[in-house]
Amino acid sequence: MGEETGVESVFGAALGLVDPWQVTTVEFDEAAGRLDIGLDFPRGARFPCPEPD
């Protein structure tokens, strides 16, 4: 998994992603009218509990 490019950063911001989530790929198939967005996180990443205390 490499560094984000500008496109990945824009989609990450538009989706409201926060660390450790990262957009890794963005592929648009105009003929199919399809947008695929790949998400990932670094190995060993820790996630906060989504439930409030």
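Is it the case that region 43-51 has a residue that's modelled with pLDDT of 95 or more, in a strand (DSSP E or B) and not aromatic (F, W, Y)? No, the conditions are met nowhere in region 43-51.
Suppose the filter is surrounded by 10 or more Cβ atoms within 10 Å (Cβ to Cβ) and either at pLDDT 95 or above or of a type in the set (A, V, I, L, M) (or both); does A14 pass it? Judged against the criteria, A14 is a match. Of everything in region 25-53 that is closer than 17 Å to E8 by Cβ and among the aromatic types (F, W, Y), the residue that is surrounded by the most Cβ atoms within 10 Å (Cβ to Cβ) is F41.
For first residues located in region 24-53 and closer than 24 Å to G6 by Cβ, partners that are exposed (fewer than 10 other Cβ atoms within 10 Å of the Cβ) and lie 6+ apart or on another chain with Cβ distances below 7 Å form the pairs D36/E27. When region 32-42 is limited to residues that are among the aliphatic types (A, V, I, L, M) and not in a loop (DSSP other than H, G, I, E, B), the one that is nearest to W21 (Cα to Cα) turns out to be L39.
The values are calculated or read from the model by the stated rules, or taken from the named source; none is laboratory data. A quick note: this is a predicted structure, and the numbers were derived from the prediction, not measured. Don't worry about glycine lacking a Cβ; one is built from the backbone with ideal geometry, like all the others, and counts go over all protein chains shown.
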